[in-house]
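Participant: Have a look at this one before I ask anything.
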Amino acid sequence: MAGEVYSKLITSKNPKVMNASSRNGLKIDRIIIHHNATTNKNTAMNTWVQGGPANTSAHYEVTPTEIIGCVGEQYAAWHAGGTGGSDVPRIASPNQRSIGIENLNSTGGPGWKVDPKTVANCARLVADICKRYGIPLDRKHVLGHNEVTATACPGGLDVDEVVRLAKKGGTSVAKPTYYKAKGLYEVIAPQINGYRDIGFKQKRAVRFVKGTRFYAEPEKYGKITRFKTSMGYFSSNKAFVKFIKAID
Ligand SMILES: [Zn+2]
């Protein structure tokens, strides 16, 4: 879907089209925490692809080193609606009003543990979402899946710990990564903005939309790199652009 909104913390975006629907005008006021019930992130994310048999999805997949954007925040993902029948969700319209965060397990069942680094990344994402939507950072608004519907999810993941860490701003290890080679690149984010300066202080009117290909030469900027192009400076964050081919 076009123009997906994601946290700036994402390290990449899953390019597959995931299950999503309208929020029907509802405001986002809850975050619901899940575990994958698998130690393989791709197994988890592949079940969320549109047209698949599982009818599930989530906005984010979190691992010890990654925060992956899967469903844009402006859409409802299918993560907390319950299984039907007597499994009636304990809050109204859970999917339409929430952001769902899935977390990779570090062990299988019955413990279904989650790596502390994943918990820390999840906490940082929770802090960011609460800040952007004005959601109170507490246990009434940040819920485990099992507090919404009848499920064993989120396994061994401690939601109290997520909220505790989030209040401290989280201590994430998922850092964005940047391209360093001269070459042809393509935009994979909805758009990236152009700047006159490498410090991104002065925005230009020019922007590259998704699918735009451009030649770029990375330039060092502190500990990271940014793209110098004929149209100005752009981000070389791997979450926003992909490498097509090298040039001399
Ligand atoms: Zn769940």
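The values are calculated or read from the model by the stated rules, or taken from the named source; none is laboratory data. Quick caveat, the model's predicted, so the values are computed rather than measured. Cβ atoms come from the backbone with ideal geometry, glycine included; neighbour counts cover every protein chain shown. These area figures cover heavy atoms from the full protein model, side chains too; ligands, DNA and RNA do not enter into them. Shrake-Rupley method; radii C 1.70, N 1.55, O 1.52, S 1.80 Å.
Participant: Pairs Lys8/Lys242; Lys140/Lys242; Lys140/Lys201; Lys131/Lys238; Lys113/Lys210: which are spaced more than 28 Å apart, C-alpha to C-alpha?
Facilitator: Lys140/Lys242; Lys140/Lys201; Lys113/Lys210
Participant: Can you give the charge dipole size of segment 183-246 about its Cα centre, rounded to the nearest 20 debye, using +1 on the beta carbon of Lys and Arg and -1 on the beta carbon of Asp and Glu?
Facilitator: It works out to roughly 120 debye.
Participant: Follow-up question, since we're still on this one. Going 7 Å from the Cα of Ile188 toward and past its Cβ, which residues in segment 69-101 have a backbone nitrogen under 19 Å from where you end up?
Facilitator: Label zone hits: 69-73.
Participant: Same structure again: Probe of 1.4 angstrom, ligands and nucleic acids ignored: what's the accessible area per residue over segment 183-246, in square angstrom?
Facilitator: Per-residue accessible area for segment 183-246 comes out at 56 Å².
Participant: Cβ neighbours within 10 Å, averaged per peptide: list 233-242, 181-190, 29-38, 130-139 in order, most packed at the top.
Facilitator: The peptides rank, most packed first, as 29-38, 233-242, 181-190, 130-139.
Participant: Place a +1 charge on the Cβ of each Lys and Arg in the chain and a -1 charge on the Cβ of each Asp and Glu, then give the dipole magnitude about the Cα centre in debye, rounded to the nearest 20.
Facilitator: Rounded to the nearest 20 debye, it is 1120 debye.
Participant: Say the dipole of the chain comes from +1 at the beta carbon of Lys and Arg and -1 at that of Asp and Glu; which of Gly222, Gln202, Val71 then lies farthest toward its positive end?
Facilitator: Checking the options against the dipole of the chain, the answer is Gln202.
Participant: Just how large is the dipole of segment 80-125 about the Cα centre, in debye to the nearest 20, putting +1 at every Lys and Arg Cβ and -1 at every Asp and Glu Cβ?
Facilitator: Charge dipole, segment 80-125, about its Cα centre: 160 debye, nearest 20.
Participant: Another question, then. Sort segment 12-167 into rounded, prolate or oblate with this rule: let a ≥ b ≥ c be the square roots of the eigenvalues of the Cα gyration tensor; rounded if a/c is under 1.5, and if a/c is not under 1.5, prolate when a/b is larger than b/c, oblate otherwise.
Facilitator: Verdict is rounded for segment 12-167.
Participant: Now a separate question. Averaged per residue, what accessible surface does segment 12-167 expose to a 1.4 Å probe, in Å²?
Facilitator: Result: 42 Å² of accessible area for each residue.
Participant: Which listed residue (Val49, His145, Val163) has the Cα farthest towards the positive end of the charge dipole for segment 12-167, taking +1 on Lys and Arg C-beta and -1 on Asp and Glu C-beta about the Cα centre?
Facilitator: In segment 12-167, that residue is Val163.
Participant: Still on this model: In segment 79-168, carbon and sulfur make up what percent of the accessible area (probe 1.4 Å)?
Facilitator: 52
Participant: Starting from the Cα of Thr229, step 7 Å along the direction of its Cβ; do the same at Asn42; then give the gap between the two resulting points in nm.
Facilitator: Label at Thr229, label at Asn42, 2.9 nm between them.
Participant: Next question. Among DSSP bridges having both ends in the chain, what percentage is antiparallel? Round to the nearest 5.
Facilitator: Approximately 70 percent, going by the DSSP bridge assignments.
Participant: Given the -39500 (n - 2.57) contribution per DSSP H run of 4+ residues, what per-residue ellipticity at 222 nm results for the chain, rounded to the nearest 500 deg cm²/dmol?
Facilitator: That comes out to -4000 deg cm²/dmol.
Participant: Also, quick follow-up: Using a Gaussian network for the chain with springs between C-alpha atoms less than 10 Å apart, which of these wobbles most: Lys201, Lys180, Lys223?
Facilitator: The residue with the greatest mean-square fluctuation here is Lys223.
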